[in-house]
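Participant: Below is one structure. I have some questions about it.
Where a number appears in this text, it was derived from the coordinates with a stated rule and is not lab data. For clarity, every value in this text was computed on a predicted model and none was experimentally measured. So basically every Cβ, Gly included, is an ideal-geometry build from the backbone, and we count neighbours across all protein chains shown.
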Amino acid sequence: MEINLEQIDLLRKRANVGYKEAKEALEKCGGNIVEALAFLEEENKLKPEIECCGHSSFFQKTKRIVGKLNRISFTISHDEKTKLDIPLTIALILAVVAMPISVATLIFALFMGCKIRFHKSSGEECGINKNIENISHTVSNFASKVAQEIKKA
């Protein structure tokens, strides 16, 4: 069977391979595109599709990261009552857009004895919570010492 340019173009698009690889695969498979695809797959010559000027991997990675961040919630609570519970994506956006206000709010929350936690959508706590607890205890001890010094003065 004679291999034509249309077959090669179709296989190139489907398998994301070069003209030479597509032509060789079609020749080995008698012009059958499905068999040529299977052959290229067996030879590990299939390449992932590149969309939109080669940026698909960036967008796919970004989508995956945002998806993971949306499954984690950022929570601030005081006296066992939740004061703030938002997806981590929103918390990070707020932190970037309003950096000084975000930092001041977190410091204020720590001095007021609030608990800052990260929870997965499954209810499981994130590993960083242990570090936050240590910081919280340090800030709490510092605030107590400052309060004692103020009372003495």
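Participant: Once fully extended, how much extra length lies between GLN60 and ASN4, figured as 0.36 nm per residue of separation less the alpha-carbon to alpha-carbon distance?
Facilitator: Details: separation 56, 0.36 × 56 = 20.16 nm, distance 3.44 nm.
Full-extension gain reported as 16.7 nm.
Participant: Now, a different point. Ranking PHE108, PHE74 by Cβ neighbours within 10 Å, fewest first, what do you get? Before the final figure, lay out the partial values.
Facilitator: Working: PHE108 10, PHE74 21.
With the fewest neighbours first, PHE108, PHE74 line up as PHE108, PHE74.
Participant: In nm, give the distance between the simple-model label positions of ASN141 and THR82, each being 7 Å from the Cα along the Cα-to-Cβ direction.
Facilitator: 3.1 nm
Participant: Right, something else. Taking 8 Å as the Cα distance limit and 6 or more residues as the minimum spacing, I'd like the relative contact order of region 70-152 as a percentage.
Facilitator: Details: 86 pairs, mean separation 24.0, N = 83.
Relative contact order, region 70-152: 29 percent.
Participant: Quickly rank 32-39, 60-67 as a protection proxy: mean count of other C-beta atoms within 10 Å, highest first.
Facilitator: 32-39, 60-67
Participant: Describe numerically, in nm with one decimal, the distance between label points set 7 Å from Cα along Cα→Cβ at GLN148 and at ARG71.
Facilitator: Label at GLN148, label at ARG71, 4.6 nm between them.
Participant: Let me see the P(r) profile for region 70-152: every Cα-Cα distance counted, bins of 10 Å, each bin given as a percent of all pairs.
Facilitator: Binned Cα distances yield the sequence 17, 46, 28, 8, 1.
Participant: Sticking with this structure for a sec: Tell me the Kirkwood radius of region 1-143: reciprocal of the mean inverse pair distance over distinct alpha-carbon atoms, in Å.
Facilitator: Final number for the Kirkwood radius of region 1-143 is 19.6 Å.
Participant: Set the Förster radius R0 to 35 Å, insert the Cβ-Cβ distance between VAL97 and ARG14 as r into 1/(1 + (r/R0)^6), and round the FRET efficiency to 0.05. Each step should come with its number before you reach the end.
Facilitator: Numbers: r = 43 Å, r/R0 = 1.23.
Efficiency computed from Cβ-Cβ geometry: 0.20.
Participant: Also, I was wondering about something else. How much length would be gained if the chain were fully extended between PHE118 and GLU35, taking 0.36 nm per residue of separation minus their Cα-Cα distance, in nm to one decimal?
Facilitator: 24.9 nm
Participant: Sticking with this structure for a sec: Take every Cα pair under 8 Å in region 1-152 that's 6+ residues apart, average their separations, divide by the length, and report that relative contact order as a whole percent.
Facilitator: Relative contact order here is 14 percent.
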